[in-house]
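Structure, as structure tokens:
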Amino acid sequence: MTTPDHAHWMERALQLARRGEGLTRPNPPVGAVVVRHGRIVGEGYHRRAGGPHAEVIALQQAGTLAKGATLYITLEPCSTHGRTPPCTEAIAAAGIRRVVWAVNDPNPAHAGRASHWLRRRGIEVERGVCRDEAAALLQPFTHYCRTGRPWVTLKLGLTVDGRIADRNRRSRWITGPEARAEVQALRRRVDAIWVGSGTVCADDPSLWPRPAKGRQPWRVVQDGAGHAPPAAQLFTDHHAAHTCIALDRRTPDKVRRAYQAHGTGIIDVPQNPVRAVQRVCTELAKRGALHVLCEGGGGLADTLIRAGCVDEWWLFLAPQVMGGHDGIPAIGGRSRLMNALHELEFIEHRAVGRDLLIRARPRKTASRGCQKSHDRA
């Protein structure tokens, strides 16, 4: 049973964990707090893969005060060797009396192992404190473990009549400054930012978070035949080595070399658009991406929907009307018939400045099963 004190300290651990979003791939963001006699004596969060886990940082900060204390963690502590030793051993060595965590490790091979290991050594264990909040934070990692592909968020800024750009493909600015600031915060939480070649041609975007605060997301361009200009800033700026472009066999070698001149990577994909985006998801998973943000345009959005790759929608609805029939629609491709509409379930709506943010998820999401296991490293 969750006690008020447990919830209070776990909320602090969750606050810490959120600081690590976008920094830890392929590991999840995790926070930990050591509490003794009603006060925090140590705390920490996981900052990068291969570095100390949150529990270890908190225990090191607590020092000898950890003996007899309670450790709060947002995720079940690791109990196997990876790039770092098991956190369960560090917990026992520090003399912790009780361990409280929010959610079990989503990897079935590891879930619950820490509980048995700690209890055999006389350490009390409590689970499920702030479970829903922690599960939401860890959703991309959980999805990654179960399906072998990243969690994909589709973000669209659109007018009330569903347009993302005018007939000249101009979109600056449909949404207001508060919505744009929210998007920058979302960029800092993800591991990759994905756009179509049309967006690169029309806007020449940077896609780099502002401010980045240490984040280095992959920037991904879905192209095919090499339509995006090699001189675009994505391929030529100081972060070009963090850019990938998806190309098929139609792209001439000369154009490929032009993209690669500043370090841009190439993902070879089939010509079939659905299979192409599925290949990109697979390749991003190999690069450790847990959470991918797609920022359009309409053609890529349509392909991702048809491929069944969109896990969550962020729709910024601006109080503006474009009118006419020649504006650029939020979702491209051929329209669906009424008996084949893509159904969503709204999970949040709130005002963001003058705009309305609507978050939604597919009403029915097909699971591909766990293709492979992922250890916290």
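The values are calculated or read from the model by the stated rules, or taken from the named source; none is laboratory data. On a predicted model such as this, the values are computed, not experimentally measured, just so you know. We place every Cβ from the backbone using ideal geometry, glycine too, and count neighbours over all the protein chains shown. Please note that ligands, DNA and RNA were not included when accessible areas were found on the heavy atoms of the full protein model with its side chains. Shrake-Rupley method; radii C 1.70, N 1.55, O 1.52, S 1.80 Å.
A crude spin-label estimate for the pair E178 and R120, with each label 7 Å from Cα along the Cβ direction, gives 5.4 nm. Each 10 Å bin from zero holds the following percent of Cα-Cα pairs in the range 79-214: 9, 27, 25, 18, 13, 7, 1. Can you pull a Stokes-Einstein diffusion coefficient for the range 222-264 at 10 °C (1.306 mPa s), Rh from Kirkwood over Cα pairs, as a whole number of µm²/s? Answer, rounded: 156 µm²/s.
Which of the peptides 63-69, 182-188 is most tightly packed, and how do the rest follow, going by the mean number of other Cβ atoms within 10 Å of each residue?
Values: 63-69: 15.4, 182-188: 17.6.
Descending packing order for the listed peptides: 182-188, 63-69.
Here the chain is treated with +1 on each Lys and Arg Cβ and -1 on each Asp and Glu Cβ, and its dipole about the Cα centre works out to around 620 debye. Placing R0 at 30 angstrom, the Cβ-Cβ distance between T64 and Q216 gives a FRET efficiency of 0.20 after rounding to 0.05.
Here the range 209-254 has 52 percent of its accessible surface on carbon and sulfur atoms, given a 1.4 Å probe and all protein chains in place. Other residues whose C-beta falls under 15 angstrom from the C-beta of L186 contribute a net charge of +3, scoring Lys and Arg +1 and Asp and Glu -1.
Report the net charge of residues surrounding N104, where surrounding means a beta-carbon distance below 10 angstrom and charges are Lys +1, Arg +1, Asp -1, Glu -1. Walk me through the numbers before you get to the answer.
Numbers: positive: R113, R127, R131; negative: E76, D105.
Local charge sum for N104: +1.
By the combined test of axial Cα extent (at least 15 Å) and Kyte-Doolittle hydropathy (mean at least 0.0), the qualifying DSSP H helices of the chain come to 273-286.
Any chance you could run the full-extension gain for R18 through R363? It's 0.36 nm times the residue separation minus the Cα-Cα distance, nm to one decimal.
Numbers: separation 345, 0.36 × 345 = 124.20 nm, distance 2.68 nm.
Contour length minus the Cα-Cα distance gives 121.5 nm.
So for the range 1-68, considering every pair of alpha-carbon atoms, how many percent are separated by more than 14 Å? Walk me through the numbers on the way to the answer.
Values: 1280 of 2278 pairs.
Value for the range 1-68: 56 percent of Cα pairs lie more than 14 Å apart.
Straight-line reach from K213: taking Cα to Cα under 27 Å and skipping same-chain neighbours fewer than 8 places apart, the lysines in range are K155, K286. Compute the FRET efficiency between H37 and D132 as 1/(1 + (r/R0)^6), taking r as their Cβ-Cβ distance and R0 = 22 Å, and round to the nearest 0.05. Efficiency computed from Cβ-Cβ geometry: 0.15. Restricting the calculation to alpha carbons of the range 244-309 gives Rg and Dmax of 12.5, 34 angstrom. Principal axis analysis of the Cα atoms in the range 242-377 yields extents of 44, 42, 36 Å, listed in decreasing size. Calculated translational diffusion coefficient of the range 150-248 (10 °C, 1.306 mPa s; Stokes-Einstein with Kirkwood radius over alpha-carbon pairs) equals 110 µm²/s.
Report the rotationally averaged projected area of the range 183-315 based on its alpha-carbon convex hull, in square nanometres.
Details: hull surface 29.5 nm².
About 7.4 nm², averaged over all directions.
Solvent exposure of the range 230-353, expressed per residue, is 51 Å² of accessible area, with all protein chains present and a 1.4 angstrom probe.
Sort 349-355, 27-33, 232-238, 9-15 by packing, meaning the average of other beta carbons within 10 Å per residue, with the highest value first.
Details: 349-355: 14.7, 27-33: 29.3, 232-238: 18.4, 9-15: 20.6.
Listed from highest to lowest mean packing, they are 27-33, 9-15, 232-238, 349-355.
Taking 0.36 nm per residue of separation and subtracting the current Cα-Cα distance, fully stretching the chain between R169 and D204 would add 11.4 nm.
The Stokes-Einstein estimate for the range 1-151, based on a Kirkwood radius over Cα pairs and taken at 37 °C with 0.692 mPa s viscosity, is a diffusion coefficient of 220 µm²/s. For the chain, the equivalent ellipsoid derived from the alpha-carbon gyration tensor has semi-axes of 41, 23, 19 Å in decreasing order.
Summed over the residues of the range 4-160 and divided among them, the accessible surface reaches 39 Å² per residue at a probe radius of 1.4 Å.
Counting only the backbone N, which residues of the range 305-333 are under 17 Å from the spot 7 Å out from the Cα of V160 toward its beta-carbon? Residues 316-324 qualify, since their backbone N sits under 17 Å from the label point.
Could you sort the peptides 201-212, 277-288 by per-residue average Cβ neighbour count (10 Å cutoff), highest mean leading? Provide the component values of the computation, followed by the final result.
Values: 201-212: 16.2, 277-288: 18.9.
In descending order of packing, they fall as 277-288, 201-212.
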